[in-house]
Amino acid sequence: MYRYDEFDERFVRERVEQFSDQVARRLDGSLTEDEFKPLRLKNGVYLQLHAYMLRIAIPYGTLSSRQLRQLALIGERYDRGYGHFTTRTNLQFNWPKLRDVPEILGLLADVEMHCIQTSGNCIRNVTADHFAGIARDEIEDPRPTAELIRQWSSQHPEFSYLPRKFKIAVTGAEQDRAVIKAHDIGLRIRRHPDTHETCYEVSVGGGLGRTPMIGKVVRDYLPKADLLAYLEAIMRVYNLEGRRDNKYKARVKILVHETGLEEFTRRVEAEFAELDGPSINADPAEVSRIAAYFAPPTYRALPERSTALETARAGNPDFDRWVEVNTTAHKQPGYAAITISLKPVGEAPGDATSEQMRLVADLAEEFSFSEIRVTHAQNLVLPHVKLSDLFAIWRRLGEAGLSSANIGLITDIIACPGLDYCALATARSIPIAQAIARRFAEDTRQKEIGELNIKISGCINACGHHHVGHIGILGLEKRGIESYQITLGGDATQDAAIGEILVPGLAAEEVPDAIERIVAVYLEQRQAGESFIENVRRLGLAPFKAAFLELDRAA
Amino acid sequence: MLLDRNGPASDSWTHSDGAAIGNIPLALVPWEALPEALANRVPGQQIGVVVPGSLAIAEIEALLPELALIAIGFPAYSDGRGFSLARRLRRAGFTGRLRASGPLIVDQFAYALFCGFDEIALPASSAGRQPAEQWQRALSHVGARYQRGYGDGGNILDQRRAKRLAQAAG
Amino acid sequence: MAAVAKRPALPAILLANDLLDGDVVFASAAGETLAWTRDPALALVADDDTGAERLEAFAVSEFAAQRVVDAYLVDVETSTGRPVPRHYRERMKTLGPSNRRDLGKQAGEGIAPSGQRA
C-alpha cells in the first residue's frame, strides 16, 4: 500500500488547519453560507436530511487494518457506531456534527486519510479495479496510476472550480470491474500492439446521472509517461469550455456530446501539443517510487490447491457455497481474494458497524497482509488470503453476520442511501433493497437465478448506478408519493450499456413483484448457461414488457 | 480592494468605460473598446484591458505585447475559467500584470497566484467581509502542492526529486 | 441564496438545521419570541399570513446570525393535534431514517420526555 512521506503528511495536516479556519470564518460571518458550502463539500461535509454527513475518501478503495480501525473508532466516538460504504468506494458517516469535523479530520490524518475532494465541482476520489494486483487477467496494476492521479488532482490550483464534478477511474485488467466507461475519464491500461509497451486507452465523457452516457475513446494508446500532461489538457479544455449556464449540462459528457467526439479530441490534442510534457509529468523516479509501494506482499510458496480447504468444503455445504460465490482466483497459487458481503439480507446495502469494521481489520491483519479493499458494489475484499485459512475466516465472519454468500447475485444490491438520509433524494432506496433481498433470500433460488445485478438510486443523480444495473430501479416522486421506475439491460462492465425503461412508475410495495416477474421471464426463456444479462441482450425488452402487459390485462 | 501577495495594494489604474482614454497614464478599458483605445494611445501611455473568462486566447494573443495589464473577470468565485485563461496567457508569453477581478474568496488566493495572477481586485461586498489579514492567513495554509509548473518552485514532485538527488549524492 | 424559499400552503411550520450540530430544529413559541426546539411536536404552527411572516422573519434573522441553515416553511396537517408535514420528505425530517427506527427523532433523540416538555 502507498504510505505518506513527509510531503503528503504536511499536505494533509495543512488541509485540517485550513478547514478549521474555514469553519471559524463561517461562524464569524466572513464567509456566507453560499461561499462556505463548496468549501465544506470539498472537505466531504454535506448537509443531509437529519444531520451533516461526512464522506471520507478511500483512494482506489484501498485500506489498511489500522485505517479501518480508525474509521471504526470515529464511527463510535462521533457517529452512531456505523458507516456506509459508497459506490465511489468512500465511507460516509451519517451523523457527525460540524463542530467535530476538524477533530475527525485530524484523526484521519493520523492514519494517512482525508476527506479532500469527496464532493464539490472538482476531481473526486479516484477509483480502480478492486482486484488490482490480484486479478489473473491483469496487464498492469492500476493503483500506481491511481495514486499519481490522487496526488496530482489534490487541491489543483487550476481545476478546483470546474463546471461540475469530475470522476476518474482506472483499470489494468481485461475485465472492467471499475465501471470506467461511466466515468468522466476512464483509463484502461493496455499493451501497444507494436511496441508491447503498456499505454493508456483514454475515454472521456462517460457518466450516469440525468443524462447517462458511455465514455468515448479520445486516445487509443497514450504513453504512460505523458499521463499528467494529457490529463491537464483534457481538464483545461473542459474547464474553459464546459457549460456553466446549466448545472444539468455541465458535465464533460455534455461538452463531448455537443462538441462532437472528433472536435473535442482535436481540441484536447491541440492543447496537449502546446504543453511542455517534461515540465508537467512525473519523472520516472517518482513513478517508480509510487509503484514500489504496490509491490506484491511476501507470499508463501504454496501449491495451487489446498486439501484442508477441500476437506472443509466437502464437510460443510454452506461454506462450500460461500467459497464458490465469494472468492476470486488469485495470481498467486494457493491464495484467493475474499469478497465480504455487506449485503446481509434485511440490512442496508453497504452499511457496516464499528464492530464489523474492527473484525474485518483484525482478519486482514491476521490473514491478508493488513490490507482491505472496498468495491464499488459496496462490499469489502480481503485481497490475499491463503486457501487453507478460508474456513477459519468464514466462521469468524459468520459470527458477525458477514458471511452472506451472495456476491454478484440478486441480493447483492447496490443502493444509495436514498431519502432515508439524503437531502437530494426523491424517494427511498434502502427499504426497496431490503424488500427485494427478503423476497429472494433463499440460497437455492439465488443460485438458480445466477449473476444478476440490481442497482437502486433514490434520485436522478444515480449514485446507485441504476442505469448500468442489469435491473435498474430509480426512485422518483410522482404526485406526492414515492414512485419507482424499472430499467433493464444496463451493464457496468467492458460491455457497458445503459438500461432501457421497462416500467415507468411502480409503488414501493409493487417493486418486489415486478422483479419476480422479470426473473420469471428469464428463467422460462433462458438457454443453457445463459446469464440474465445475456438473456436480456438476446431477447431484447419485448418479452419482459409483455409480462407486464399481461398483468395489466389480468388486473 | 486590491491585493497582491504582499497584502493590500493601491490601484493606480483608471477604469475607462470606452476608448476615450485621453492621456490617462494607466488606462483600463473594456475588451470591446481595446482596438480603439490602442489606436488612441498617446506616447508613454499604458493600456490595460478587462476580459471575460470566456475569451479565446487566439483573440487576444497578437495584442499581448501592447498590454501592461489584463484583468480577467470572475463573474462568481465558483467560475474557474479565469484560472485556465491566466495559464494560457502566461504560456502565450504575457509578462504584464495579471489581475483577477471579481468576488473571489480567500481560499482561492493561492490558486490564483499559482496560475499566474499577480493581484486580486475585490468588489466592496466581498472585501468588507474578508479583510486583508484573512487573505494573508489563507496563503499560509497552502504550502507545497503536487502539481508541477504552477508558480515558482515549491512543488512536491520536484522537492522529492531534489531530495532523491541529494541522497544519491550524499 | 435566500434564507426562505417560496411560502407553502398554510398551516405551516418552520424547520431548519442547526449550523454547528446539523440537527433538524423547529421554530417554537418561547413567550413573546421564538426559539428553536429539536422536538417537532413543539413546532409553532402558522395558520395565517401574519404567523407565516413571523416565522419567515425569524428564519432570515437566525440564518443571518449564523445559527441555522436551510431554513424553510413546511406545510403541515394538524388533525392529530400535532403538526405533521404533508410531504413525505419533510415527514422524514421529523422522524429519522425509516430503516433505523432506533435513530433520530422517532427514537426521541434530542427530545425531552413528554413529561418534561416546557
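Checked against (1) assigned to a helix (DSSP H, G or I); (2) in contact (Cβ under 8 Å) with a residue 40 or more places away in the chain; (3) of a type in the set (K, R); (4) closer than 26 Å to A:T211 by Cα, A:K455 passes all but a single condition, namely (1). Restricting attention to region A:395-434, the residues that are outside any loop (DSSP other than H, G, I, E, B) and more than 14 Å from chain C (Cβ to nearest Cβ) add up to 6.
Exactly one residue out of A:L409, A:L419, A:L390 is closer than 21 Å to A:T493 by Cα and crowded, with 23+ Cβ neighbours inside 10 Å, and it is A:L409.
Residues that are assigned to a helix (DSSP H, G or I), within 8 Å of another protein chain (Cβ to nearest Cβ), touching a strand residue (DSSP E or B) at 6+ places or on another chain (Cβ under 7 Å) and surrounded by 16 or more Cβ atoms within 10 Å (Cβ to Cβ): does region B:134-153 have at least one? No: region B:134-153 contains no residue that is assigned to a helix (DSSP H, G or I), within 8 Å of another protein chain (Cβ to nearest Cβ), touching a strand residue (DSSP E or B) at 6+ places or on another chain (Cβ under 7 Å) and surrounded by 16 or more Cβ atoms within 10 Å (Cβ to Cβ).
Before we move on, is A:T487 out of contact with any Phe, Trp or Tyr (no Cβ under 9 Å at 6 or more places or on another chain), in a loop (DSSP other than H, G, I, E, B), among the β-branched types (V, I, T) and in the same structural domain as A:I432 (by TED's automatic domain parsing)? Against the criterion (out of contact with any Phe, Trp or Tyr (no Cβ under 9 Å at 6 or more places or on another chain), in a loop (DSSP other than H, G, I, E, B), among the β-branched types (V, I, T) and in the same structural domain as A:I432 (by TED's automatic domain parsing)), A:T487 does not qualify. Being assigned to a loop (DSSP other than H, G, I, E, B), buried (at least 22 other Cβ atoms within 10 Å of the Cβ) and either more than 10 Å from chain A (Cβ to nearest Cβ) or within 13 Å of the chain's Cα centre (by Cα) (or both) is the filter here, so list the residues in region B:81-115 that pass it. Once the filter is applied, which keeps residues that are assigned to a loop (DSSP other than H, G, I, E, B), buried (at least 22 other Cβ atoms within 10 Å of the Cβ) and either more than 10 Å from chain A (Cβ to nearest Cβ) or within 13 Å of the chain's Cα centre (by Cα) (or both), region B:81-115 yields B:L104, B:C115. Do we find a residue being assigned to a loop (DSSP other than H, G, I, E, B), under 14 Å from A:I515 (Cβ atoms), within 14 Å of another protein chain (Cβ to nearest Cβ) and touching a residue at least 40 places away in the same chain (Cβ under 8 Å) anywhere in region A:435-448? No, region A:435-448 contains no residue that is assigned to a loop (DSSP other than H, G, I, E, B), under 14 Å from A:I515 (Cβ atoms), within 14 Å of another protein chain (Cβ to nearest Cβ) and touching a residue at least 40 places away in the same chain (Cβ under 8 Å).
Just one of (1) more than 24 Å from A:E138 (Cα to Cα); (2) β-branched (V, I, T); (3) in contact (Cβ under 8 Å) with a residue 40 or more places away in the chain fails for A:T259. It is (3). Whether any residue in region C:84-105 is assigned to a loop (DSSP other than H, G, I, E, B), more than 10 Å from every other protein chain (Cβ to nearest Cβ), in contact with a strand residue (DSSP E or B) (Cβ under 8 Å, 6 or more places away or on another chain) and buried (at least 16 other Cβ atoms within 10 Å of the Cβ) is what I want to check. The answer is no; no qualifying residue exists. Hey, could you check region A:501-546 for residues that are assigned to a helix (DSSP H, G or I) and of a type in the set (G, A, S) and say which is surrounded by the most Cβ atoms within 10 Å (Cβ to Cβ)? Among residues in region A:501-546 that are assigned to a helix (DSSP H, G or I) and of a type in the set (G, A, S), the one surrounded by the most Cβ atoms within 10 Å (Cβ to Cβ) is A:A514. Annotation note: Cβ proximity below 6 Å between a residue of region A:262-277 that is over 15 Å from A:E241 (Cα atoms) and away from every other protein chain (no Cβ under 12 Å) and a residue that is hydrophobic (A, V, I, L, M, F, W, C) and part of a helix (DSSP H, G or I) (sequence gap 6+ or interchain) occurs for A:F272/A:A233. Do the conditions hold for A:L549, that is, is it at pLDDT 95 or above, surrounded by fewer than 17 Cβ atoms within 10 Å (Cβ to Cβ), assigned to a helix (DSSP H, G or I) and not acidic (D, E)? Spelling it out, it is not the case that A:L549 is at pLDDT 95 or above, surrounded by fewer than 17 Cβ atoms within 10 Å (Cβ to Cβ), assigned to a helix (DSSP H, G or I) and not acidic (D, E).
Listed here are the residues, each with its yes/no results for (1) closer than 30 Å to A:G334 by Cα; (2) within 14 Å of chain B (Cβ to nearest Cβ); (3) out of contact with any Ser or Thr (no Cβ under 7 Å at 6 or more places or on another chain).
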| residue | (1), (2), (3) |
| --- | --- |
| A:L108 | no, no, yes |
| A:H114 | no, yes, yes |
| A:T127 | yes, no, no |
| A:H130 | yes, no, no |
| A:P157 | no, yes, yes |
| A:S160 | no, yes, yes |
| A:P163 | no, yes, yes |
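Among the conditions (1) within 14 Å of chain C (Cβ to nearest Cβ); (2) free of Cβ contacts under 8 Å to residues at least 24 places away in the same chain, the only one that A:E17 does not satisfy is (1). Answer with yes or no whether A:P157 is assigned to a loop (DSSP other than H, G, I, E, B) and surrounded by fewer than 19 Cβ atoms within 10 Å (Cβ to Cβ). Here the answer is no, as A:P157 does not meet what is asked. Of the residues making up region B:36-80, those that are within 21 Å of A:N246 (Cα to Cα) and crowded, with 16+ Cβ neighbours inside 10 Å number 8.
Going through (1) without any contact (Cβ under 8 Å) to a residue 24 or more places away in the chain; (2) within 14 Å of chain A (Cβ to nearest Cβ) one by one, C:Q66 falls short only on (1). For region A:357-386, give me each residue that is touching a residue at least 40 places away in the same chain (Cβ under 8 Å), surrounded by fewer than 24 Cβ atoms within 10 Å (Cβ to Cβ) and outside any strand (DSSP E or B). Passing the criteria: A:R358, A:L359, A:A361, A:D362, A:E365, A:F369, A:S370, A:H376. Entry remark, region C:41-69: residues being loosely packed, with under 13 Cβ neighbours inside 10 Å and part of a loop (DSSP other than H, G, I, E, B) number 3 in total. For region C:38-67, filtering for residues that are in contact with a helix residue (DSSP H, G or I) (Cβ under 7 Å, 6 or more places away or on another chain) and small (G, A, S) leaves 1. A single entry from C:L19, C:L14, C:L73 fulfils the requirement of being closer than 17 Å to C:K105 by Cβ and modelled with pLDDT of 95 or more: C:L14.
Here C:P113 clears all of (1) more than 11 Å from chain A (Cβ to nearest Cβ); (2) at pLDDT 95 or above except the condition numbered (2).
Name the single residue, out of those in region C:22-40 being at pLDDT 95 or above and not in a strand (DSSP E or B), that is farthest from the other protein chains (Cβ to nearest Cβ). Residue satisfying both the conditions and the ranking: C:D39. Scoring A:R99 on the criteria (1) closer than 25 Å to A:I234 by Cα; (2) at pLDDT below 95 leaves a single failure, condition (1).
Just one of the numbered conditions (1) of a type in the set (G, A, S); (2) within 14 Å of chain A (Cβ to nearest Cβ); (3) over 24 Å from B:L122 (Cβ atoms) is not true of B:S78: (3).
When residues of region A:469-497 are filtered for being surrounded by fewer than 22 Cβ atoms within 10 Å (Cβ to Cβ), acidic (D, E) and within 17 Å of A:R428 (Cα to Cα), how many remain? Summing the residues that are surrounded by fewer than 22 Cβ atoms within 10 Å (Cβ to Cβ), acidic (D, E) and within 17 Å of A:R428 (Cα to Cα) in region A:469-497 gives 1.
With respect to the conditions (1) touching a Phe, Trp or Tyr at 6+ places or on another chain (Cβ under 7 Å); (2) crowded, with 22+ Cβ neighbours inside 10 Å; (3) in a strand (DSSP E or B), C:V76 falls short on a single one, namely (1).
The values are calculated or read from the model by the stated rules, or taken from the named source; none is laboratory data. All of these numbers come straight from a predicted model, not from anything done at the bench. Don't worry about glycine lacking a Cβ; one is built from the backbone with ideal geometry, like all the others, and counts go over all protein chains shown.
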